[in-house]
1. Suppose R0 equals 35 Å; then what is the FRET efficiency for residue 93 and residue 120 from their Cβ-Cβ distance, rounded to the nearest 0.05?
2. With a Förster radius of 22 Å, plug the Cβ-Cβ distance of residue 162 and residue 57 into 1/(1 + (r/R0)^6) and report the FRET value to the nearest 0.05.
3. Going by a ≥ b ≥ c, the root eigenvalues of the Cα gyration tensor, does segment 110-179 fall in the rounded group (a/c under 1.5), the prolate group (a/b larger than b/c) or the oblate group?
4. Give me the one-decimal Kirkwood hydrodynamic radius in Å for segment 44-158, with the sum taken over alpha-carbon pairs.
5. Testing the spin-label approximation: label points 7 Å from Cα along Cα→Cβ at residue 37 and residue 133. State their distance in nm.
6. Along the Cα-to-Cβ line of residue 169, 7 Å from the Cα, sits a label point; which residues in segment 49-80 have backbone N less than 16 Å from it?
7. Whole-Hz Karplus ³J(HN,Hα) for segment 52-61, in order, using 6.51 cos²θ - 1.76 cosθ + 1.60 and θ = phi - 60°, x for Gly and Pro?
8. Taking N as the number of residues in segment 29-105, what is its Cα Rg relative to 2.2 N^0.38 Å?
Amino acid sequence: MINSNRASDDAPGDPRSDETSEEPEVVSKTARKREAHGLQALGRQLTELKPAQLAELDLPDKLLSAILDYKRFPSHEARRRQLQFIGRLMRAFDVAPVQEALDTLQGQSAQAQYQFHQLEVWRERLLTEADALTAFLSEHPEVDAQQLRHRIAQVRRAKDETQQRTASRALFRFLRDHVQAD
């Protein structure tokens, strides 16, 4: 027996049969929680940055103040709740540029790794090639030549491997600080 009071599934005008109607995409609870935890993890990374680094990221004022509040809370539970709040604030805007800038700051982006590699190449050239200093100074005229010569001489003068490694790292930090300031 057919119930004549029910509309058929193929009835014209039935919104369920209309193929042009778009249903909102259903996101599972697990996916929502995964996204929330991801935003909280990004928020935790932001809380570990120095204030000067945070200023470079161009964050919304409310998020920036929430991050600074997190830093002043001593209680573990207060910090946990604040991280949840930071994650909730981050849902309101596109976090891709923030993640990209954070990766660059932390040296995880492809560009940061390339720059790191280039600095290592320059350090090795400066220590082994005689004309490398002139080439480096022509590419980076803002670098203090006297200080650079001093750092190179420290590496060459090192008596043992530990001193050489320490001086070499100091040279690399000098190069990184002055080249990335460009």
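1. Working: r = 36 Å, r/R0 = 1.03.
Result of the calculation: an efficiency of 0.45.
2. Values: r = 37 Å, r/R0 = 1.70.
According to the calculation, E is roughly 0.05.
3. On the way: a/c = 1.77, a/b = 1.24, b/c = 1.43.
It is oblate, given that a/c is not under 1.5 and a/b is not larger than b/c.
4. Working: mean 1/r = 0.0574 Å⁻¹.
After inverting the pairwise mean of 1/r, the radius is 17.4 Å.
5. For residue 37 paired with residue 133, the spin-label model returns 5.5 nm.
6. none
7. So the Karplus estimates, Gly and Pro as x, are 5, 5, 5, 5, 5, 7, 6, 8, x, 4 Hz.
8. Numbers: Rg = 11.9 Å, N = 77, 2.2 N^0.38 = 11.5 Å.
Against the compact-globule rule of thumb, the ratio is 1.04.
Quick note: the coordinates plus some simple rules give every number you see, no bench work behind them. Just so we're clear, the structure is a prediction, and the values are computed from it rather than from any experiment. All Cβ positions, even for glycine, are placed from backbone atoms using ideal geometry, and neighbour counts span all protein chains on display.
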